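Step one of this worksheet: look at the structure below.
Each value in this text was obtained by applying a stated rule to the coordinates, not by laboratory testing. Note that the coordinates shown come from a computational prediction; the quantities given were computed from them, not determined experimentally. Cβ placement follows ideal geometry from the backbone for every residue including glycine, while neighbour counts extend to all protein chains displayed.
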Amino acid sequence: MRMFAWVMVALGLAALPVQAQSEAVQRLKNTRECVNCNLQGADLRGLNLLGVNLSGANLSGAKLGAGEMDLNRTALSRANLSGANLSGADLSNVSLYRANLSGANLTGANLRGVSLVGANLTGANAQGANLTGAVLVNTNLTGTNLSGAILNQAFITEVIYKNTRLPDGTVRN
């Protein structure tokens, strides 16, 4: 009986983060915002996230879909998107001010006009991404793969390059 009680306690404690996460997802659906909430590992595929406010949210490892995902005009300032799969996503005109995109998959993403001021893209894969008109100021590009990325009219200054693969395939340190 004592063993059963410990198993129930362990299961109950393990379920708490999942319950909190599902409450955060429900809040996002109902209010179109989830500021500073924990959506780590959440499955958000199929949700319309156009224009939602996820500032400061932890979306590390979240399943945000691919290909047709439209996050245009979404507030993602200071959001934790580390390890998020954003391949093929439309992030045009999104503010990613001080966002953590370390290890994120941004392959083929539309990042036209995006603000990456103070953002951390350490180890991110942005191969083939469109960064036309993007603003990269104090952006950490350590280990970032930008091969094939389009950087036309991008404003780039005070960027940290370390083992960064540039659009032409060369590596900059």
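Sort out which residues of segment 24-50 are at negative phi, assigned to a loop (DSSP other than H, G, I, E, B) and surrounded by 13 or more Cβ atoms within 10 Å (Cβ to Cβ), and write them in order of number. Working first, answer last.
From segment 24-50, those at negative phi are 24-31, 33-35, 37-40, 42-45, 47-50; that's our starting set.
Pick out the ones that are also assigned to a loop (DSSP other than H, G, I, E, B) and you get 34-35, 37, 39-40, 42, 44-45, 47-50.
The answer is Cys34, Val35, Cys37, Leu39, Gln40, Ala42, Leu44, Leu47, Leu49, Leu50.
Tell me yes or no: at least one residue of segment 152-173 is in a loop (DSSP other than H, G, I, E, B) and within 16 Å of Ala89 (Cβ to Cβ). Let's see the steps before the verdict.
Looking only at segment 152-173, we keep the residues that are in a loop (DSSP other than H, G, I, E, B), and these are 152-154, 158-159, 161-163, 166-170, 173.
After this cut, where a residue has to be within 16 Å of Ala89 (Cβ to Cβ) as well, the list is none.
No, that holds for no residue.
Scan segment 114-173 for residues that are of a type in the set (Lys, Arg) and surrounded by 17 or more Cβ atoms within 10 Å (Cβ to Cβ) and report the count.
Kept after step one, since they are of a type in the set (Lys, Arg), are these residues of segment 114-173: 162, 165, 172.
Filter once more, so that each one left must be surrounded by 17 or more Cβ atoms within 10 Å (Cβ to Cβ): 165.
Number satisfying all stated conditions: 1.
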